[in-house]
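A quick write-up on the structure given underneath.
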Amino acid sequence: MFSLKKLFQPHHQATQKSDQQNNAQDMPTPTSRARNLSFTRLPDAVLKQFPPIRELDSESLRLLNYQVEEAPPHIELFQLDQICDGVYYLLSGKVTLQAEDTPPYTIEADDLRAHLPLNSGPVFTTTATTEAPSRILIVEPELLQIWNKQCRVRMAEADTEILEVPEQLGNDFLESFAQSYRDKKLVLPSLPTVAVKLKQAMQSDDVDIATAVEIIQVDPAIAAKLIQVANSPLYAPINPITNCMEAVTRLGLNATRNLVLGLGLKQMFHSQQPMLMQKMNKLWQDSVYLSTLAFVLAEHSQQINPDDALLAGLVADIGIIPIIHYAEQHPNLDDHALQQLTETLGGAVGMLVLKTLGFSADLQVVPEMIDNWFHEQDASLQLMDILLLARLHQKLGQAGLPMIHTIPAFAKLKDQRLTPEFSLFLIQQSQHRIQAALKTLI
């Protein structure tokens, strides 16, 4: 929770705006019609349906500036490429969103995704039109700026502070796990020796290919797997690679380090109990799929290193591993409790694991932010943006997902070429590479 007390004017002072705010009001609105805006306060329970408003405390909600628009059918709420004048939410009715060169899609107030913002970012990436009488919540655009600032603060503190665990999680098992987390008594996984040595050697900045090969060949299994990956369609070598030296030379030191770390991670996905081992196997398969999607999307973006995206995808759900290991000590644990624990603490535990293993600060925040669709670290495309786009594609078909046009990561892509249709086409075209990577890494 965080407070907006110093950042937003209280509602009863809404008419006492600065000259800058008045000038902003004089700017053209998304449509030329007169807007039927109301300052009626909404119950907190209604506001708390919508992210990131639901992250605010009671005082912040009281000070939050917003308006409610009563819109008749067939009215444009905002237009593609216009400067954003607020964060829009659908309270009731039906709205159609139309992006450039893509089919329109409609959101109704009773849809699972209706609680998500209709837009994010400084520019509208769709045109929104009402299809029925609708009530629209319009929140000052500073809401996302403040929320994003909170995200940046959390990311900056990720390498020095462990996120606090909620005091009450609902049952004895969850609270027992939380206490172990707070007391730093969790048994955390460790990397294989070869992965640790290679990571440490590359941190010294004086490692060359010959040194890297010497380190890798100490572990024949990882060396063999590295050659196999280097020969896969993911990297599409012109000539077959037959030894570790050729693999490292072909891949480069950065890609080699990331792949050795990724291959080492696989050894962590293990459990003594057959049922939990099934969950571990599924978790690893999902992680590999996410990482290969991230690789393909990063490669297409030409802005993010695909090898970095590959490793980031593999560590995105690493926090679930200690949770499953902890569940081994509680044989009567049901799937619902395990799922609740995973959803509540998986991100925080993942940050702890990656910090303990010495991963970079950029990677440490991935587990915490991987399902935070409206996270925005910077105005330019970042590694986390590629991971969020990959996660969205990984979960296609599930209920309650945001549309790709409504998340900040989409607006950062060059020319916004990654439309839903184009991205699906891209992934379909890359299926042979993705499937080959899955077979190789799994």
Segment D44-R62, length gained on full extension (0.36 nm per residue, minus Cα span): 5.6 nm
Anisotropy class of segment 265-370 from Cα gyration tensor, a/c 1.5 cut: prolate
Residues whose placed amide H lies under 5 Å from that of N65, excluding near-sequence neighbours: E140
Percent of Cα-Cα distances greater than 17 Å, calculated over segment 250-312: 47 percent
Convex hull volume per residue for segment 293-341, taking Cα atoms only, in Å³: 82 Å³
Kirkwood-based Rg to Rh ratio, segment 216-282, C-alpha trace: 1.08
Rounded to the nearest 20 debye, dipole of segment 187-251 from Cβ charges on Lys, Arg, Asp, Glu: 240 debye
In Hz, Karplus ³J(HN,Hα) per residue of segment 240-257 (6.51, -1.76, 1.60; θ = phi - 60°; x = Gly, Pro): x, 9, 10, 8, 5, 4, 5, 5, 5, 5, 5, 7, x, 5, 5, 5, 4, 4
Extreme residue, positive dipole direction of segment 241-375, given options A294, F269, T342 (C-beta unit charges): F269
Rounded to whole Å, sorted largest first: equivalent-ellipsoid semi-axes of segment 199-247, Cα gyration tensor: 21, 12, 9
Surface per residue (accessible, 1.4 Å probe) for segment 187-294, Å²: 47 Å²
With every protein chain in place, segment 213-349: carbon and sulfur % of accessible area (1.4 Å): 52 percent
Spherically averaged projected area of segment 316-375 from its Cα convex hull (nm²): 4.3 nm²
Cα principal axis extents for segment 193-319, largest first, Å: 42, 35, 29
Full-stretch length increase - D206, K395 - with 0.36 nm per residue and alpha-carbon distance subtracted: 63.9 nm
R0 of 22 Å, Cβ-Cβ distance Q267-Q228: FRET efficiency to nearest 0.05: 0.85
Estimated vicinal HN-Hα couplings, Hz - segment 103-116 in sequence order (Karplus 6.51, -1.76, 1.60; Gly, Pro = x): x, x, 9, 10, 10, 9, 4, 9, 5, 5, 8, 5, 7, 7
Added length on full extension, which subtracts the Cα-Cα distance from 0.36 nm per residue, S360 to T242: 39.3 nm
Two-site label geometry, M275 and K185: point separation in nm, points 7 Å out along Cα→Cβ: 2.5 nm
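The values are calculated or read from the model by the stated rules, or taken from the named source; none is laboratory data. No experiment lies behind these values; they were computed from the predicted model shown. As a convention, Cβ positions derive from the backbone with ideal geometry for all residues, glycine included, and neighbour counts pool all protein chains shown. In case anyone asks, the SASA skips ligands and DNA or RNA and just uses the protein heavy atoms, side chains included. Shrake-Rupley method; radii C 1.70, N 1.55, O 1.52, S 1.80 Å.
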